[in-house]
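Peer 1: What follows is a single structure, and I will ask about it in a moment.
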Amino acid sequence: MRTVDEHVALAPADLCYRIAADVERWPDHLSHYRWVRFDRKDGFAEGIVEMSANRPFGPLNWPTWWRSEMTHDEVDRTVRYHHVGGITTGMDVWWSVNPLDDQRTRMRIVHEWDGPGWPLISGIAAELVIGPIFVKGIASRTLAGLAAAAEAAARAGSSDAP
């Protein structure tokens, strides 16, 4: 399974990157995130992080949870996650934040995964349900929300990040 989600933010790339990498503040920016906490924090955007988000289905919310090893590269403006807990164990996630010009930034998330360890239906579950319905449903909302947070911070002249 491979999903790609992109969003263009009207904010500088360094600001978009800092907001995207500051996962502990995601629930402040994202109404669909229930919580984010580090089980082991090795520094800014580094360590083992647990996340929980809701995937809305009309008026209903389906709670999701995963645990990841998180690393980042501030120079390249990338954040990587390797899922080590939850139904998506083994999933690799790569965030990239790239300037289009001084005030526009492409934020991109790529998810890659072989699927859960379920005999016979692993690939089908990943390709037909988990990827397009859950991963894309949460990732697209996450990108839009973090882009909006970066745009608000840019308008206010704030870095809005540590």
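Peer 1: Hey, can you tell me all the residues within segment 26-44 that are more than 17 Å from residue 150 (Cα to Cα) and either part of a loop (DSSP other than H, G, I, E, B) or over 12 Å from the mean Cα position of the chain (by Cα) (or both)?
Peer 2: Passing the criteria: 32, 34, 35, 37, 38, 39, 40, 41, 42, 43, 44.
Peer 1: Taking segment 55-75 as the region of interest, how many residues are outside any loop (DSSP other than H, G, I, E, B) and within 25 Å of residue 153 (Cα to Cα)?
Peer 2: The number of residues fulfilling the criteria is 4.
Peer 1: Let me ask something else. Going residue by residue through segment 64-71, is there one that turns out to be among the small types (Gly, Ala, Ser) and closer than 24 Å to residue 35 by Cβ?
Peer 2: yes
Peer 1: For segment 85-117, which positions are aliphatic (A, V, I, L, M) and surrounded by 15 or more Cβ atoms within 10 Å (Cβ to Cβ)?
Peer 2: Matches in segment 85-117: 87, 91, 93, 97, 107, 109, 110.
Peer 1: Select from segment 80-114 the residues that are of a type outside the set (Ser, Thr, Tyr), closer than 12 Å to residue 16 by Cα and part of a strand (DSSP E or B) and list them in ascending order.
Peer 2: Matches in segment 80-114: 95, 97, 98, 99, 106, 107, 108.
Peer 1: Here is a further query. For segment 121-135, does any single residue satisfy the condition of being surrounded by fewer than 17 Cβ atoms within 10 Å (Cβ to Cβ) and either touching a helix residue (DSSP H, G or I) at 6+ places or on another chain (Cβ under 7 Å) or part of a loop (DSSP other than H, G, I, E, B) (or both)?
Peer 2: Checking segment 121-135: at least one residue is surrounded by fewer than 17 Cβ atoms within 10 Å (Cβ to Cβ) and either touching a helix residue (DSSP H, G or I) at 6+ places or on another chain (Cβ under 7 Å) or part of a loop (DSSP other than H, G, I, E, B) (or both).
Peer 1: From the residues in segment 32-84 that are small (Gly, Ala, Ser) and under 27 Å from residue 122 (Cα atoms), which one is surrounded by the most Cβ atoms within 10 Å (Cβ to Cβ)?
Peer 2: Checked segment 32-84; the qualifying residue surrounded by the most Cβ atoms within 10 Å (Cβ to Cβ) is 53.
Peer 1: Using the structure shown, decide if residue 105 is within 26 Å of residue 40 (Cα to Cα) and either at pLDDT below 95 or not charged (D, E, K, R) (or both).
Peer 2: no
The values are calculated or read from the model by the stated rules, or taken from the named source; none is laboratory data. The structure presented is a predicted model; accordingly, all values stated were derived computationally and were not measured. Positions of Cβ are backbone-derived with ideal geometry, glycine not excepted, and every protein chain shown enters the neighbour counts.
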